[in-house]
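Below is one structure; the comments refer to it alone.
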Amino acid sequence: AAKLIIDTDPGVDDAFAIALAAVSEDVDLIGVTTVFGNVPLAATTANARRVLALCGREDVPVAAGAERPLVHPHPHRARYAHGADGLSGRSSALPEPSRAPETADAVSLLASLLDAAREPVTIAPIGPLTNIAALLAAHPGVRSKIDRLVIMGGALGHGNTTAAGEFNIWSDPEAAHRVLSGGDVPAVLVPMDLTYRCAVDLGWLGTLESSGPLGAALRALTPDYQEHYRKALGWDGLVLHDAVAVAEAIKPGILVTEALPVQVECGFGPARGATVVDNRRPELRADTEGQPAGATVDVAMETDLDGLRAFVLDRLAMGRS
Ligand code: BDR
Ligand code: CA
């Protein structure tokens, strides 16, 4: 099975995404690295370990990474959506992990897993891109060992944290710029425009809950998150952003992508953290008035929405927990 590493800030949708990879037998989850984001690093690391324990996957090493953005620290956390502990206040209901986090940090674990791999590895970054930017800077040689980055992040339309900024990119725009502007590591960007369209409803959640212990445990993590999305969507459902990206990492091609020039706004104006995607007709894209055009990134634009929802549900329902 193809090897996968998840870089994450759990987070309710991160928990779903980790579980999806942990129970999918056609992918070999070889490591999980954590980053600040939805809640501080100590909580994201504890949550990642709890989710792996829930899935019976404590064979997977977890290493903690960045506590703050590369350049500009800021206090924002997404507690409004994920609850104070990152899992709707329910993290203590998950099994207590028995495996300690690695003593190595996230960048060291990423570098050593990539070094040791015989075939290129997929990395799914589903939080701020700080660890990945640090990895590429400190270990430029590992680029050839990365099959592709499947990143949850960015927005073609409006953002979710600010009018223009999607949370993962807005949390560390300089890191996102460094990862996306190189053009030398193949990247798929799964923006919130598409993840919103994949939102699941109460019927989907009910089927998940009754599918078995794993489904019931994941459903129990959703109350605060559901409150937030009732407002964000205008109906009673959830957006499982990170699970959409991890579905693509597990099953390449489940999302339809388009190669488009992408730039990250790192200025301090209202568009900080925006992903500027040049989605003009190809004939016009060279027309940049002397401005840089941006490196080409595969942007996820479409999917079979019901097929995607069924894929995630079927996998989680088969979970061994
Ligand atoms: C992203 O922000 C986080 O709150 C979610 O976990 C997801 O990774 C969506 O914008
Ligand atoms: Ca996340």
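Of 198, 55, how do they rank once you tally other Cβ atoms within 10 Å and put the fewest first?
198, 55
Which Rg and Dmax, in Å, describe the Cα atoms of segment 108-231?
Just the Cα atoms of segment 108-231 yield Rg and Dmax of 17.3, 47 Å.
Would you calculate the convex hull of the Cα atoms in segment 118-181 and tell me its volume per residue in Å³?
Cα convex hull per residue, to the nearest whole number: 79 Å³.
Would you mind computing Rg(Cα) / (2.2 N^0.38 Å) for the chain, counting N as its residues?
This ratio for the chain stands at 0.92.
Kindly put 204, 170, 235 in sequence by how many other C-beta atoms sit within 10 Å of each C-beta, fewest to most.
Least crowded to most crowded, the residues run 235, 204, 170.
With springs connecting C-alpha atoms under 10 Å apart, model the chain as a Gaussian network and identify which of 188, 264, 142 has the largest mean-square fluctuation.
Among 188, 264, 142, the largest GNM mean-square fluctuation belongs to 142.
Out of the DSSP beta bridges found with both residues in the chain, what percent are antiparallel (nearest 5)?
35
Rg and Dmax of segment 209-321, Cα atoms, in Å?
Cα only, segment 209-321: 18.6, 57 Å (Rg, Dmax).
Want the number for residue 42 to residue 293: 0.36 nm per residue separation, take away the alpha-carbon distance, what's left?
Contour length minus Cα-Cα distance gives 86.5 nm.
From the P(r) of segment 25-175, can you give the percent of Cα pairs sitting at distances over 25 Å?
When every Cα pair of segment 25-175 is considered, 30 percent fall beyond 25 Å.
Rg (Å, one decimal) plus Dmax (Å, integer) for the alpha carbons of segment 182-264?
Spelled out, the Cα radius of gyration and Dmax of segment 182-264 are 15.3, 45 Å.
Read-outs throughout are calculated quantities, based only on the coordinates presented, and are distinct from any laboratory measurement. All of these numbers come straight from a predicted model, not from anything done at the bench. Neighbour counts are summed over all protein chains in view; Cβ atoms, including those assigned to glycine, are modelled from backbone coordinates with ideal geometry.
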